1. Which residue out of Gly80, Gly12 is on the phi > 0 side of the Ramachandran plot and either surrounded by 12 or more Cβ atoms within 10 Å (Cβ to Cβ) or touching a residue at least 40 places away in the same chain (Cβ under 8 Å) (or both)?
2. Working only within the range 31-58, note down all residues that are among the small types (Gly, Ala, Ser) and under 25 Å from Asp6 (Cβ atoms).
3. Residues Asp30, Asp7, Asp38: which one is closer than 30 Å to Asp142 by Cα and out of contact with any His (no Cβ under 9 Å at 6 or more places or on another chain)?
4. Residue check, Asp107 against (1) under 20 Å from Tyr143 (Cα atoms); (2) in a helix (DSSP H, G or I), all met but one. Which one?
5. Might you check whether a residue that is more than 30 Å from Ala26 (Cβ to Cβ), free of Cβ contacts under 8 Å to residues at least 24 places away in the same chain, exposed (fewer than 14 other Cβ atoms within 10 Å of the Cβ) and not assigned by TED's automatic domain parsing to the domain that holds Leu13 occurs anywhere in the range 109-117?
6. Mind checking which residues of the range 28-71 are in contact with a Phe, Trp or Tyr (Cβ under 9 Å, 6 or more places away or on another chain) and under 30 Å from Arg148 (Cα atoms)?
Amino acid sequence: MNLQSDDFELFGLQPRFAQDRAMLDARWKDLQREAHPDRFAAQGPAAQRVAMQWSVRINEAYQRLRDPLKRAAYLCELHGAPIRAEDNTAMPAAFLMQQMQWREALDEATGVADLDALEDETQAARGAALARCGQLIDVRQDYAGAAREVRSLMFIARFARDIDLRREQLGQ
């Protein structure tokens, strides 16, 4: 194992958006077994510290690879298309209009049925955006386009949390 490897190299995976979750989980378990500090107890504290560093590195990579949004962002970054969500908030006009409609619907929601409908709509939008990410990354290698989709997905994820907060406010 090489600490300088990217997450995909570390896990022995092709750098693609589409990943087999069961295979990823199995590989994570294998890597964790290989790097577990207890395996290095006889080699002393220094070897155990290195094993602990490996364990942390493996867990960080796993967290990025198993989450489709984080994986898409990571692939964009690897291919020179940083997300820059903090200073690049440009979105297509249609998506901005959709955001406004969702915000209004959330403000007007009075019960669980309203929130469920809004949640279903945003989850459908999330699924469509993830599918576009997969197409842009794995088929077209359009990482700048994928970065735009990732920014949209980030908004959808924040909005999903806002729906949950509204649900709590309504006591539902």
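1. One residue alone meets the criteria, Gly80.
2. Within the range 31-58, Ala35, Ala47, Ala51, Ser55 qualify.
3. That would be Asp7, the only listed residue that is closer than 30 Å to Asp142 by Cα and out of contact with any His (no Cβ under 9 Å at 6 or more places or on another chain).
4. Asp107 satisfies every listed condition except (1).
5. Within the range 109-117 (the criterion being more than 30 Å from Ala26 (Cβ to Cβ), free of Cβ contacts under 8 Å to residues at least 24 places away in the same chain, exposed (fewer than 14 other Cβ atoms within 10 Å of the Cβ) and not assigned by TED's automatic domain parsing to the domain that holds Leu13), the answer is yes, since at least one residue qualifies.
6. Trp28, Ile58, Asn59, Ala61, Tyr62, Arg64, Leu65, Arg66, Pro68, Arg71
The values are calculated or read from the model by the stated rules, or taken from the named source; none is laboratory data. As the structure is a prediction and not an experimental result, all values here were calculated from the model. Cβ: placed from backbone, ideal geometry, glycine included. Neighbour counts: every protein chain shown.
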